[in-house]
Structure formats: C-alpha cells, structure tokens
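Okay, so here's the structure we're looking at.
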C-alpha cells in the first residue's frame with residue numbers, strides 16, 4: 001500500500017493538487033492551516049465534506065496546493081481533489097462520494113467576452129436613432 005495518495009481537483013478557474021497521508025486529521029492549504037487560510041466556517045465545511053461522508057476525518061492528513069479562482073472556487077477544487085485522493089486510497093469510498101456529488105467536476109465557468117460587447121453578454125444600450 002502506498003503511503004501518499006494524490007488527487008487533482010478543479011472548480012471554475014481554481015486548480016487544487018491534494019495529497020493524502022495517514023495522520024491525525026490535519027488539513028494544510030498552501031502552507032497554512034485550513035482555518036487560517038479560508039477564515040470562513042462554510043468554506044472549511046466544504047473542504048471537510050468528503051472526509052465526513054466517508055467517516056475518515058481523523059485518519060488522514062491533507063496537504064493541498066491551490067491556485068487560481070476565488071475562495072469559493074478554491075474550496076470546491078480542494079473538495080474535488082480530496083474526493084479523488086480518497087478513492088485512490090480506498091475504492092470502497094467511491095459510491096458514497098459519487099452519490100454526494102463530490103466526484104463530478106463542476107463545469108460552470110466564466111463565459112468568455114465576445115467582440116462588440118462590453119462583457120460576455122452585456123451590450124451597449126440600444127437606440128433607434
């Protein structure tokens with residue numbers, strides 16, 4: 001059995017590289033503690049969801065490197081990567097994580113700007129004359 005498990009997670013423009021190893025349940029994001037990095041309980045809860053779903057909260061230490069996107073996207077990316085790493089660690093976790101929707105990559109992204117418009121869909125005001 002391997003001592004480290006890896007999963008890549010993506011959400012919006014955020015990309016997370018997540019490593020799992022046996023430990024006491026410490027979660028580290030970009031070299032900081034989880035509470036220190038996010039600061040919001042809701043985002044911390046999002047990150048911890050896969051561990052709580054599988055009942056392995058105190059069994060693994062999580063090390064995540066995340067870049068791009070905002071705080072919410074980064075939390076979602078970590079959740080996705082953590083789910084993938086948990087499945088790599090134990091394939092029996094897959095049905096529970098898949099049912100909870102953590103294995104699915106959220107495809108919603110910012111729409112690109114089109115020429116002739118100010119933003120993706122915002123145009124200048126229309127006037128007949």
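Here, each number is a calculation from the coordinates, and none is a lab measurement. Note that the structure is a prediction, hence the values are computed from the model and not measured. So basically every Cβ, Gly included, is an ideal-geometry build from the backbone, and we count neighbours across all protein chains shown.
Some observations on this one:
- Degrees separating the helix 71-89 axis from the principal Cα axis of the chain, which is the longest one: 40 degrees
- Counting only alpha carbon atoms, the long axis of helix 41-54 and the longest principal axis of the chain meet at about 50°.
- Helical runs assigned H by DSSP (4 residues or longer) give the chain a calculated mean residue ellipticity at 222 nm of -10500 deg cm²/dmol, each run adding -39500 (n - 2.57) before division by the residue total.
- For the stretch 39-67, the residues whose backbone nitrogen is under 16 Å from a point 7 Å from the Cα of residue 21, taken along Cα to Cβ, are 59-65.
- Highest mobility in the GNM of the chain, judged by mean-square fluctuation with C-alpha springs under 10 Å and restricted to 85, 22, 75, is found for 22.
- Highest-first arrangement of 10-16, 55-61, where packing means the average Cβ count within 10 Å: 10-16, 55-61
- C-alpha center-to-center spacing [the stretch 11-52, the stretch 79-126] in angstrom: 17 Å
- Extension gain, residue 4-residue 129: 0.36 nm per intervening residue step, less the Cα-Cα distance, totals 38.3 nm.
- Relative contact order, percent, the chain [alpha-carbon distance under 8 Å, six or more residues apart]: 33 percent
- Legend: calculated FRET efficiency, residue 109 to residue 65, from the Cβ-Cβ distance at R0 = 25 Å, rounded to 0.05, equals 0.75.
- Taking only alpha carbon atoms, the stretch 75-129 gives an Rg to Rh ratio of 1.40, where Rh is the Kirkwood radius.
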